[in-house]
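What follows is a set of notes on a single structure, which appears directly below.
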């Protein structure tokens, strides 16, 4: 067994939006389909399952988990497993913390209990792209013209 600590990723962004707008964008399957390229589907109650479904008509679920906490419009915590075949009690968790400040919101995403450094590298590329699309959608009414997975990693 490795003595390396379990990797955690944290990213904050600032949006010209209300906490309610950010909450709705994170929990509305139509909105997530627009900025994430996947519909996040759940009833968003603690204990409920959620699915990260492709919007290409295939119905493929690329990630799954359960809602651990839902405190609209302040905090949402989910288990997050991108390999459902490996889903276990020690699945990674993602927390969205929505904090108002004057006329803006700070959204902090914390992705904990990542499997390994490769998973940390993947989310370190993925979250900034997803959140850039979310920011664009909320501030302009349109997501960026590229899906998050099409955006190149920093330095490339």
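The values are calculated or read from the model by the stated rules, or taken from the named source; none is laboratory data. Predicted model only: the values in this text are computed from it and were never measured. Here Cβ is always computed from backbone atoms with ideal geometry, including for glycine, and neighbour counts include all displayed protein chains.
Quick notes on this one:
- Taking segment 99-123 as the range and being loosely packed, with under 14 Cβ neighbours inside 10 Å, in contact (Cβ under 8 Å) with a residue 60 or more places away in the chain and either more than 26 Å from residue 71 (Cβ to Cβ) or in contact with a helix residue (DSSP H, G or I) (Cβ under 7 Å, 6 or more places away or on another chain) (or both) as the test, the residues that pass are 116, 117.
- Among (1) within 24 Å of residue 125 (Cα to Cα); (2) surrounded by fewer than 18 Cβ atoms within 10 Å (Cβ to Cβ); (3) in contact with a strand residue (DSSP E or B) (Cβ under 9 Å, 6 or more places away or on another chain) - the single one residue 69 does not satisfy: (1)
- Subset of segment 30-56 [touching a residue at least 24 places away in the same chain (Cβ under 8 Å), more than 11 Å from the chain's Cα centre (by Cα) and either within 12 Å of residue 76 (Cβ to Cβ) or part of a helix (DSSP H, G or I) (or both)]: 31, 34, 42, 44, 45, 46, 50
- The listed residue being modelled with pLDDT of 90 or more and closer than 19 Å to residue 147 by Cα, out of 61, 105, 94: 61
- Under the condition of being surrounded by fewer than 21 Cβ atoms within 10 Å (Cβ to Cβ), in contact with a helix residue (DSSP H, G or I) (Cβ under 7 Å, 6 or more places away or on another chain) and part of a helix (DSSP H, G or I), the residues counted in segment 1-26 number 2.
- Restricting attention to segment 27-58, the residues that are in contact with a helix residue (DSSP H, G or I) (Cβ under 8 Å, 6 or more places away or on another chain) and farther than 18 Å from residue 81 by Cβ total 5.
- The residues listed here are 30, 57; of these, the one that is at positive phi and loosely packed, with under 15 Cβ neighbours inside 10 Å is 57.
- Meets criteria (closer than 17 Å to residue 37 by Cβ and in contact with a helix residue (DSSP H, G or I) (Cβ under 8 Å, 6 or more places away or on another chain)) for residue 127: no
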